[in-house]
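Let me begin by presenting the structure, written as structure tokens, before commenting on it.
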Amino acid sequence: MQKLRQWPPTSGPSMQSDIHRKRKSNSIGSPQADAGTLPISVTIITLNEAERIGGMIRTVKGLADDIVVVDSGSTDDTCKIAADLGARVFHRDWTGYGEQKAYAESLAKNDWILSLDADEFLSPESAMQIRAEFQNGAPAAGAYRLWVVFVYPGDEKPRPFAKDHSIVKLFHRSIGGTNTHPIFDRVDVAAGIEPKKLTAPVYHRTITNFSQMVDKGNRFSSHQAKAHKAKSTFYLKLRLPFEMPYWFLRAYLLRGHITGGWKGFIFAMNMAYFRLIKIAKLIEAREAQNALKTGNSSHSV
């Protein structure tokens with residue numbers, strides 16, 4: 001069982017909680033609803049996001065009457081910034097992307113949930129489209145896909161014609177929720193539910209500089225390698241010559257980073273490179289496992 005701690009820390013025993021059980025919360029810094037907000041809970045998971053969390057929360061503050069932040073141990077001012085902006089902030093030890101998000105959803109006070117990452121900024125156009133869906137009251141239980149598009153470091157808006165990922169971000173809790181996969185988290189909706197599509201973008205400011213891109217790519221490729229289903233070493237080695245060219249062309253041409261100038265080129269190259277590095281890490285892990293098995297077998301003879 002995970003320990004839940006409100007922020008700021010309070011004295012007394014920590015509360016125990018289950019990520020699949022909805023709870024009523026009374027954390028310090030609860031936002032006050034006003035006439036302009038909608039019955040939507042925005043859920044965000046964080047770790048050392050002081051550089052972005054303030055700007056991100058400001059993009060949803062006037063739209064939603066509830067903002068929930070679940071932090072996994074930030075050592076910067078992430079929690080303070082979020083609480084000062086009216087979010088309800090909680091601590092939960094990290095157990096993977098899916099479980100953190102599902103837990104944040106369990107704390108939401110509304111049935112309509114907008115699940116965003118700390119580096120995903122709701123555009124004014126997206127806010128307007130969401131507001132239009134609620135103009136006659138909360139719509140029937142369902143789900144909405146939003147376009148999540150990358151914004152390069154130093155840029156204010158995405159590259160021309162950017163359409164990277166159409167993802168379910170807004171949904172009614174009765175028909176779905178985030179799965180608990182440690183890496184490949186997504187909102188699963190009930191059978192028969194066809195999510196509606198909104199056309200305005202969510203700005204994905206995944207990195208703030210290109211040094212951070214390298215660090216993030218290395219870290220995430222390690223996570224992906226650990227979560228990857230077992231494949232033979234022979235199969236993985238066959239993929240090596242093709243992995244980087246394939247993913248570069250997919251990112252640069254099919255995903256449209258070709259319209260992003262030199263930053264688009266670097267972005268596509270980085271995506272392709274770390275796909276290759278993931279394969280290298282998988283091969284390395286498989287060969288280490290095989291060597292260990294061989295060593296154990298020889299000792300047992």
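The values are calculated or read from the model by the stated rules, or taken from the named source; none is laboratory data. For clarity, every value in this text was computed on a predicted model and none was experimentally measured. Counting neighbours? That spans all protein chains shown, and the Cβs are built from the backbone with ideal geometry, glycine included.
Within the set of pairs 6 or more residues apart or between chains, which connect a residue that is within 17 Å of SER221 (Cα to Cα) inside segment 257-276 to a residue that is among the acidic types (Asp, Glu) and crowded, with 20+ Cβ neighbours inside 10 Å with Cβ atoms less than 6 Å apart?
none
Got at least one residue in segment 277-295 being closer than 28 Å to ASP155 by Cα, of a type outside the set (S, T, N, Q) and assigned to a helix (DSSP H, G or I)?
Yes, there is a match, as at least one residue in segment 277-295 is closer than 28 Å to ASP155 by Cα, of a type outside the set (S, T, N, Q) and assigned to a helix (DSSP H, G or I).
Looking for something at positive phi and surrounded by 19 or more Cβ atoms within 10 Å (Cβ to Cβ) - is there at least one such residue anywhere in segment 251-259?
Among the residues of segment 251-259, at least one is at positive phi and surrounded by 19 or more Cβ atoms within 10 Å (Cβ to Cβ), which makes the answer yes.
Can you confirm whether VAL89 is among the β-branched types (Val, Ile, Thr) and in contact with a Cys (Cβ under 8 Å, 6 or more places away or on another chain)?
yes
Working only within segment 136-165, note down all residues that are exposed (fewer than 15 other Cβ atoms within 10 Å of the Cβ) and either not in a loop (DSSP other than H, G, I, E, B) or not assigned by TED's automatic domain parsing to the domain that holds ALA102 (or both).
Residues satisfying the conditions are GLY137, HIS165.
Which residues, taken from segment 170-226, are hydrophobic (A, V, I, L, M, F, W, C), at pLDDT 85 or above, touching a Lys or Arg at 6+ places or on another chain (Cβ under 9 Å) and over 22 Å from VAL60 (Cβ atoms)?
Across segment 170-226, the qualifying residue is only PHE210.
Being closer than 30 Å to ILE130 by Cα, surrounded by 14 or more Cβ atoms within 10 Å (Cβ to Cβ), among the basic types (Lys, Arg) and in contact (Cβ under 8 Å) with a residue 12 or more places away in the chain is true for just one of ARG239, ARG205. Which residue is that?
ARG205
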